[in-house]
1. For residues that are open to solvent by 30 Å² or more (accessible area, probe 1.4 Å), at pLDDT 90 or above and of a type outside the set (Phe, Trp, Tyr), scanning just the stretch 29-40, find the one that is farthest from residue 6 (Cα to Cα).
2. Under 8 Å by Cβ, and 6 or more places apart or on different chains, what pairs join a residue from the stretch 95-114 that is of a type in the set (S, T, N, Q) with one that is open to solvent by less than 40 Å² (accessible area, probe 1.4 Å) and in a loop (DSSP other than H, G, I, E, B)?
3. Please go through (1) at positive phi; (2) modelled with pLDDT under 65 for residue 44 and return the number of the only condition it doesn't satisfy.
4. Those residues that are open to solvent by 40 Å² or more (accessible area, probe 1.4 Å), over 20 Å from residue 55 (Cα atoms) and not in a helix (DSSP H, G or I), I need them from the stretch 119-169; list them, please.
5. Can you give me the number of residues within the stretch 75-106 that are farther than 30 Å from residue 158 by Cα and either touching a Lys or Arg at 6+ places or on another chain (Cβ under 6 Å) or surrounded by fewer than 22 Cβ atoms within 10 Å (Cβ to Cβ) (or both)?
6. Six or more apart or on different chains, Cβ under 7 Å: which pairs go from a residue in the stretch 36-55 that's within 18 Å of residue 154 (Cα to Cα) and without any contact (Cβ under 8 Å) to a residue 12 or more places away in the chain to one that's among the acidic types (Asp, Glu) and open to solvent by 50 Å² or more (accessible area, probe 1.4 Å)? Could you list them?
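The values are calculated or read from the model by the stated rules, or taken from the named source; none is laboratory data. Computed from a prediction, not measured in an experiment: that's the story for all the values here. We place every Cβ from the backbone using ideal geometry, glycine too, and count neighbours over all the protein chains shown. Quick note on the areas: whole protein, heavy atoms, side chains included, nothing else; ligands and nucleic acids left out. Shrake-Rupley method; radii C 1.70, N 1.55, O 1.52, S 1.80 Å.
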Amino acid sequence: DGFFTSTPDYETQEAREEYAEYQLQDYCCFIYEDPDNKDQPGAFLSEYILRIFAAHLTAVTGRVRVDSLVEFDKPGYQTALALTAVAAERALVLVKDRLLIDSNPADNGGKSHKIIQTLNKVTNKMSNTGTAFSSGNWETDTLAYMDSIKTLPHERIQEILERSENYMK
């Protein structure tokens, strides 16, 4: 949601839905800086991904040495980046499907958005099970992103980290 609130073009729900639909088409445009460039699309360099990854880096700064994420043989950056990608995809899916809606922060624990419950077919009750950020819903996608990230050269990881710093708070 921070991406949408920081980008005036996406103030309306309709504009957010259009953006989400476009980003999810074909081969996950939201991952790439320039999805139309077939030779150098810039995997994991889109502003959307960099902003979300920056939120992670901001959260761990001072708690974990961020420099250790740059060490190519360590899995920390891979996991964080894979979770960034799948969280980004989930957010776009929620917006596209009109399941992430504006809410009054006073009525929603200080949050300006909430996820609408959907019908759990097993219990026949409304719940967040189908939209949860859980391994049952997102493990396959996370592992696919992880496989892709493992093939990135060290220089790309450095570039992702450096460019994410521009969005850190």
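1. Within the stretch 29-40, the match that is farthest from residue 6 (Cα to Cα) is 34.
2. If the second residue must be open to solvent by less than 40 Å² (accessible area, probe 1.4 Å) and in a loop (DSSP other than H, G, I, E, B), the pairs left are 112/103.
3. Here residue 44 meets the rest and fails (2).
4. Selection gives 119, 121, 122, 123, 124, 125, 126, 128, 151, 153.
5. Of the residues in that region, 12 qualify.
6. These pairs meet every condition: 41/33; 41/34; 42/33; 42/34.
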